[in-house]
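**Student:** Mind looking over this structure? Questions follow.
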Amino acid sequence: MKKRIIAEVIVGLALLGAAVAGIIGWYSERGRVAEMEAQIAGLQKDEKRSVVLRSISKQMEDIAFQQKEISDEQREEALQQKRMADDMRQSAEIERQNALEAQQKAIVSEHQAQDAREVAESERLMAEHQRVQAEFSKRVADTLSYIALGRSLGSVAIAEEMSGNTELATLLAYASHLYTTRYKGDVYYPAVFQSLLLTSKGMHSYPKHRGAVMCVYDLPTKEERIMTADSYGTVMVHQKQGEKLVSKTLFNDSKYDFRSAYVNKDGTFFAVVSRSGDLVCFENGSYKTTPLTGLENPMFVTSLDDNILLVASNNGLAFYNIKEKRVIASRSLNFRITCWSRYNNLPILFDDKGKQHLVKSTNEISTSQNPVSGRVTAFASSKNSKQQVYGMSDGTVYLYNERTSKVTKLVGHLSRISQIKLNSYKLLTSSYDGTVMFWNTASEKIAPTTMVTTNSWIMDFCYDKKKESIWIGDQDGVITDALLSVPVMVDVLKKKLKRNLTNEEWNYYIGKNVPYESFINGKEVKR
């Protein structure tokens, strides 16, 4: 029984196992079927995808063929364009070569043209230079011709004035100045200047003194007043009224022999020294005489400062106090003084031994050697031009340049130089030969122009206030007023002109080749 049960159990178990195995196999098979179905489905999808891909590939292939055809066409077109570009490049290269050849030819032509231009410019410049030279030569010739004409007219004007033909002389003198200034000639050329001086009546002489006029001073007052002193002991003050010289005698005593004078800055005080040994001082309408004891033949008086006068004689010096009105000091000298002047606003004395002495105070005198040899009789200097001028006893004038120490000899006067005035480069000298000469010390060649000529020794002269004229004192006691300003003379002539030159006068005196022009009514031609 038990075996039966066991068998049944075993069979049951076997059946159960088979059932379980079947169920398991069924499930297993079912999984494989599902997997295969899934694979089939995947394959179907792959097949569909493959179909799609083949379709796409076919389309891509078609597109590729189309693109290949397009590419072939483009390549062919590119080849054609390349061939065209090669042809064009070849043509361009040929054109470039032609252009280079043309450029080279152009450069050669330009160089040839430049050479031709340079030759033409050189010829033009040469022609222009020749033209300028010709014009310059013509201007020089014209200038020299007209300057010579001006000088000739001046000489003729002098002759006409001396013969009494004043009207014609005035016209010719004016023409002389006109052509001289127009062509930049020298208006101080003797013929030109003298014709202006004569026809303008620029010189007047007044016999005022009995003795030689030893000193002439322009008084520093508002009115134009001149103080003079002579060798006969007369001191006078003069004032010009028109062509007259009104004079007043301040002092007159024949025992005095006045030689030199000093005037202070405002003209309220002046002093004259007498060779007799006296100093006469004038102030406030009165005068005081002071004997200069110990001085032999006093010759010069000047200022040491605003309050001290220096009096020099043959053998010594005296110092006079203006306020105290007395001699405060004196000193003897071992040399003979030949003249005095001023240098750097101090008195300077020249002796007969070739030395100069600068008086700095009552106790200090600086002595040095003259830069020129001979006896000095007049001296002047200029701070502006740095020049010194020495006038000598034989009439020689020496110009000394302080910058270079160069000495220039100026020849013109015939006898002793009596006075010198130097205003920058304008030099005036007077002499016993009766002349006053003008020198331009800035010129390379310094030549004199005789400004004034008298018949007597010129002892002294001074400028007027405007420096337009000079006052001259001579050995015969005559005072001369001489106009020096050319513009003033010309203004006088303009006022005197009453007519023009006639055609006949023009042709005779000036010349047919010179264009006629009017000298009056402001119609003169300017060139």
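The values are calculated or read from the model by the stated rules, or taken from the named source; none is laboratory data. This one's a predicted model, so the numbers in the text were calculated from it and none came from an experiment. When we count neighbours, we look across all protein chains shown, and the Cβ atoms used for this are built from the backbone with ideal geometry, even at glycine. For the accessible areas, the whole protein counts, side chains as well, though only heavy atoms, and no ligand, DNA or RNA atoms are used. Shrake-Rupley method; radii C 1.70, N 1.55, O 1.52, S 1.80 Å.
**Student:** Go through the range 320-346 and give me each residue that's crowded, with 16+ Cβ neighbours inside 10 Å and under 29 Å from N423 (Cα atoms). Even if it seems obvious, please write down each step before you answer.
**Tutor:** Filtering the range 320-346 for residues crowded, with 16+ Cβ neighbours inside 10 Å gives 320, 322, 327, 330, 333, 335, 337-341, 346.
Those that are crowded, with 16+ Cβ neighbours inside 10 Å and under 29 Å from N423 (Cα atoms): I337, T338, C339, W340, S341, L346.
**Student:** Please count how many residues of the range 333-362 are free of Cβ contacts under 8 Å to residues at least 24 places away in the same chain and over 20 Å from Q388 (Cα atoms).
**Tutor:** Of the residues in that region, 4 qualify.
**Student:** Suppose we keep only residues that are more than 15 Å from V514 (Cβ to Cβ) and in a helix (DSSP H, G or I) within the range 163-178. Which one would you say is most open to solvent (accessible area, probe 1.4 Å)?
**Tutor:** Quick first cut of the range 163-178, residues more than 15 Å from V514 (Cβ to Cβ) only: 163-170, 173, 177.
Cutting the leftovers down to in a helix (DSSP H, G or I) gives us 166-170, 173, 177.
Numbers: T166: 50, E167: 91, L168: 9, A169: 0, T170: 6, A173: 0, H177: 30 Å².
Among residues in the range 163-178 that are more than 15 Å from V514 (Cβ to Cβ) and in a helix (DSSP H, G or I), the one most open to solvent (accessible area, probe 1.4 Å) is E167.
**Student:** Sticking with this structure for a sec: What strands (runs of 3 or more DSSP E) lie completely within the range 236-304 and have 1 or more residues being more than 50 Å from the chain's Cα centre (by Cα) and surrounded by 16 or more Cβ atoms within 10 Å (Cβ to Cβ)?
**Tutor:** Once the strands (runs of 3 or more DSSP E) in the range 236-304 are filtered for at least 1 residues that are more than 50 Å from the chain's Cα centre (by Cα) and surrounded by 16 or more Cβ atoms within 10 Å (Cβ to Cβ), what remains is 244-252, 278-283, 286-291.
**Student:** Quick one: is W439 within 24 Å of V407 (Cβ to Cβ) and either within 36 Å of the chain's Cα centre (by Cα) or at pLDDT below 90 (or both)?
**Tutor:** On the way: within 24 Å of V407 (Cβ to Cβ): yes; either within 36 Å of the chain's Cα centre (by Cα) or at pLDDT below 90 (or both): yes.
Here the answer is yes, as W439 does meet what is asked.
**Student:** Okay, moving on. It is to be established whether one or more residues within the range 193-203 are touching a Gly at 6+ places or on another chain (Cβ under 6 Å) and either assigned to a loop (DSSP other than H, G, I, E, B) or open to solvent by less than 10 Å² (accessible area, probe 1.4 Å) (or both). Full working, then the answer.
**Tutor:** To start, the set of residues in the range 193-203 that are touching a Gly at 6+ places or on another chain (Cβ under 6 Å) comprises 195.
Still in the list and also either assigned to a loop (DSSP other than H, G, I, E, B) or open to solvent by less than 10 Å² (accessible area, probe 1.4 Å) (or both): 195.
For the range 193-203, residues touching a Gly at 6+ places or on another chain (Cβ under 6 Å) and either assigned to a loop (DSSP other than H, G, I, E, B) or open to solvent by less than 10 Å² (accessible area, probe 1.4 Å) (or both): present.
**Student:** One residue is enough: does the range 314-330 have a residue meeting the conditions assigned to a loop (DSSP other than H, G, I, E, B), of a type outside the set (K, R) and in contact (Cβ under 8 Å) with a residue 24 or more places away in the chain? Show your work before the answer.
**Tutor:** Start the filter on the range 314-330 by keeping residues that are assigned to a loop (DSSP other than H, G, I, E, B), which leaves 314-315, 322-325.
Restricting the remaining residues to those that are of a type outside the set (K, R) gives 314-315, 322, 324.
Subsequent filtering for residues that are in contact (Cβ under 8 Å) with a residue 24 or more places away in the chain retains 322.
Yes, that holds for at least one residue.
**Student:** Show the residue pairs meeting these rules: Cβ distance below 7 Å; 6+ apart or different chains; first residue within the range 112-128 and in a helix (DSSP H, G or I); second residue surrounded by 10 or more Cβ atoms within 10 Å (Cβ to Cβ).
**Tutor:** Pairs that qualify, where the first residue is in a helix (DSSP H, G or I) and the partner is surrounded by 10 or more Cβ atoms within 10 Å (Cβ to Cβ): there are none.
**Student:** Let me ask something else about it. Scanning for something surrounded by 18 or more Cβ atoms within 10 Å (Cβ to Cβ) and either in contact with a His (Cβ under 6 Å, 6 or more places away or on another chain) or at positive phi (or both), does the range 432-452 turn up at least one residue?
**Tutor:** yes
**Student:** Could I ask something else about it? Do any strands (runs of 3 or more DSSP E) lying entirely in the range 417-527 carry at least 2 residues that are touching a residue at least 60 places away in the same chain (Cβ under 8 Å), and which ones are they? Working first, answer last.
**Tutor:** Details: elements: 417-423, 426-431, 435-440, 449-453, 458-463, 469-474, 478-483.
Hits in the range 417-527: 435-440, 449-453, 458-463, 469-474, 478-483.
**Student:** Output the residue which, of all residues in the range 153-162 that are in contact (Cβ under 8 Å) with a residue 24 or more places away in the chain and under 15 Å from I510 (Cα atoms), is most open to solvent (accessible area, probe 1.4 Å).
**Tutor:** S155
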